[in-house]
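All remarks here apply to the structure that follows.
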Amino acid sequence: MGPMWHTVLAVNPCPPTSSGGGRVMSFGVAAIIILTALLPTALHFILILLGAALGYRKREFVFSEIGSITVVIPTRDEEILIRRKLENVKKISASLDSFSVMIYDCSEDKTAEIATQFIEEEGVADNWKVIENCEIGKSNSVRRAIEEVSSEVMILTDADSIVDGNAFRDLLRTLSRADVTAACGIDGGDMSIYRRISNWMRVSESNIGASVVFEGSLCGFKMSHLNLDSIDVRRNADDSQLAVSSQRNGGKSVFVKECTFKDMEEVVNSRERKVRRAQGLVRHLMKEMMDSNNSILIRLVAGFNLHMYTIMPMALLLAFVTTAGVVSGLFDGTHFQGLDSKYLMIVSGSLLLIVANGALSVYSAILKMITGRDLSIWRPMRESSD
């Protein structure tokens, strides 16, 4: 027994504890997952930096006069806001010659009645129309407008947004460029870090000709680049769908950073509103990423954006938990001695806080998609200012 016992000890003199080896393995696996998950984000960031650099390049554009413009306003139960919206549209269009307004209404309240009364009072019945009893759903109204609008340019604007006259002229000037087929403004009322970063990304993506996300509160399109196939009413995200469609024949869909709009104070930015938008965006990005009619660049950027909304928040959470575990001693960071775990924990935690609110909306939207709950029909929520 003696020699055999010594032989066993010689082969395995210090049996490893299961907890130590498990911690090293867990940390290594977590690190691999984090690096793999963040790789598409790094590639996306390179494209964004390229777009930002192109934005500083001096370029000469060819401009042509826009012949006719139609403003389309989809409405549903907007009796609180509609008069102010129409007053705003009339003010910013005062200097335009060939200009018309079409209000596509599917309301159950007095929205159509108030709009009709405004048109009669202002004496603009020749060019302003209210189309009542429309099919419910903003995308349905937009698709119908594509079929009925005969102007050279169609401007889509939400009933709950206010646009400055100078901003509107900046939008029209951009649309008068020969190479631009679609343009949109940016939300000037939201100055959060998340929104600032998002606006910077969207402007940069448009600089490289790969706009996959648009702002529906104020956007314009050249009708020559749109058709009924440009929009799928089952998907929502009508503005972003039209932006991608406008780029398929060599055109550009651009963000105009000088063109800003703001939501009216009665707008309730509820969780349901955010989740509905997130659901439409996820559907849109999935479809455009797989659509062979799109350019490789459009499909790539759509995939990067889908990854950013769905995978990156989880990678940041895992990075924060892992680095926090190293700092607290729960994980063995022997293999990562060259990295500052505290710094990585702070960075990942800060980024996680920035994207957390949006990520919750996205994951809630995906869960509702899985369980079959469709949020494509918009239901505006308003608070009276009285």
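The values are calculated or read from the model by the stated rules, or taken from the named source; none is laboratory data. No experiment lies behind these values; they were computed from the predicted model shown. Counting neighbours? That spans all protein chains shown, and the Cβs are built from the backbone with ideal geometry, glycine included.
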Original post:
Given the conditions (1) closer than 30 Å to residue 232 by Cβ; (2) aliphatic (A, V, I, L, M); (3) under 28 Å from the mean Cα position of the chain (by Cα), and given that residue 80 satisfies all but one, which numbered condition is not satisfied?
Top reply: (1)
Subject >> Residue, surrounded by the most Cβ atoms within 10 Å (Cβ to Cβ), within the stretch 252-292, restricted to residues that are part of a loop (DSSP other than H, G, I, E, B) and modelled with pLDDT of 90 or more >> reply: 291
**OP:** Only one of these is under 30 Å from residue 68 (Cα atoms), surrounded by fewer than 19 Cβ atoms within 10 Å (Cβ to Cβ) and in contact with a helix residue (DSSP H, G or I) (Cβ under 7 Å, 6 or more places away or on another chain): 249, 236. Name it.
**Re:** 249
Original post:
Would you say residue 219 is closer than 26 Å to residue 159 by Cβ, surrounded by 19 or more Cβ atoms within 10 Å (Cβ to Cβ), touching a residue at least 40 places away in the same chain (Cβ under 8 Å) and touching a Phe, Trp or Tyr at 6+ places or on another chain (Cβ under 8 Å)?
Top reply: no
**OP:** Scan (1) touching a residue at least 40 places away in the same chain (Cβ under 8 Å); (2) surrounded by fewer than 21 Cβ atoms within 10 Å (Cβ to Cβ); (3) within 20 Å of residue 276 (Cβ to Cβ) for the single condition residue 199 breaks and write down its number.
**Re:** (3)
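Condition check ((1) at pLDDT 95 or above; (2) of a type in the set (A, V, I, L, M); (3) touching a strand residue (DSSP E or B) at 6+ places or on another chain (Cβ under 6 Å)) across all residues:
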{"residue": "178", "(1), (2), (3)": "no, yes, no"}
{"residue": "183", "(1), (2), (3)": "yes, yes, yes"}
{"residue": "194", "(1), (2), (3)": "no, no, no"}
{"residue": "198", "(1), (2), (3)": "no, no, no"}
{"residue": "212", "(1), (2), (3)": "yes, yes, no"}
{"residue": "217", "(1), (2), (3)": "no, no, yes"}
{"residue": "220", "(1), (2), (3)": "yes, no, yes"}
Subject >> Filter pass, residue 166 being closer than 20 Å to residue 89 by Cα, of a type outside the set (Lys, Arg) and surrounded by fewer than 19 Cβ atoms within 10 Å (Cβ to Cβ) >> reply: yes
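Is it fair to say residue 230 is within 18 Å of residue 287 (Cα to Cα) and under 17 Å from the mean Cα position of the chain (by Cα)? Write out each step before concluding.
On the way: within 18 Å of residue 287 (Cα to Cα): yes; under 17 Å from the mean Cα position of the chain (by Cα): no.
In short, no.
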Original post:
Tell me, which residue of the stretch 48-70 that is of a type outside the set (Gly, Ala, Ser), within 26 Å of residue 198 (Cα to Cα) and surrounded by 12 or more Cβ atoms within 10 Å (Cβ to Cβ) is nearest to the chain's Cα centre (by Cα)?
Top reply: 48
Original post:
Of the residues that make up the stretch 252-261, is at least one in contact (Cβ under 8 Å) with a residue 24 or more places away in the chain, in contact with a helix residue (DSSP H, G or I) (Cβ under 8 Å, 6 or more places away or on another chain) and under 20 Å from residue 75 (Cα atoms)?
Top reply: yes
Original post:
Looking at the stretch 339-355, is at least one residue at pLDDT 70 or above, within 30 Å of residue 237 (Cα to Cα) and in contact with a His (Cβ under 7 Å, 6 or more places away or on another chain)?
Top reply: no
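Looking at the structure I just gave you, is residue 85 at pLDDT 95 or above and either under 28 Å from the mean Cα position of the chain (by Cα) or more than 30 Å from residue 257 (Cβ to Cβ) (or both)?
yes
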Original post:
Any idea which residue in the stretch 363-385 is nearest to residue 284 (Cα to Cα), counting only those that are modelled with pLDDT of 85 or more and surrounded by fewer than 12 Cβ atoms within 10 Å (Cβ to Cβ)?
Top reply: 370
**OP:** Spot the failing condition for residue 91; the list is (1) in a helix (DSSP H, G or I); (2) farther than 25 Å from residue 152 by Cα; (3) at pLDDT 90 or above; (4) not aromatic (Phe, Trp, Tyr), and only one is missed.
**Re:** (2)
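Hand me the list of strands (runs of 3 or more DSSP E) wholly inside the stretch 107-179 holding 3 or more residues that are under 20 Å from residue 245 (Cβ atoms).
153-157
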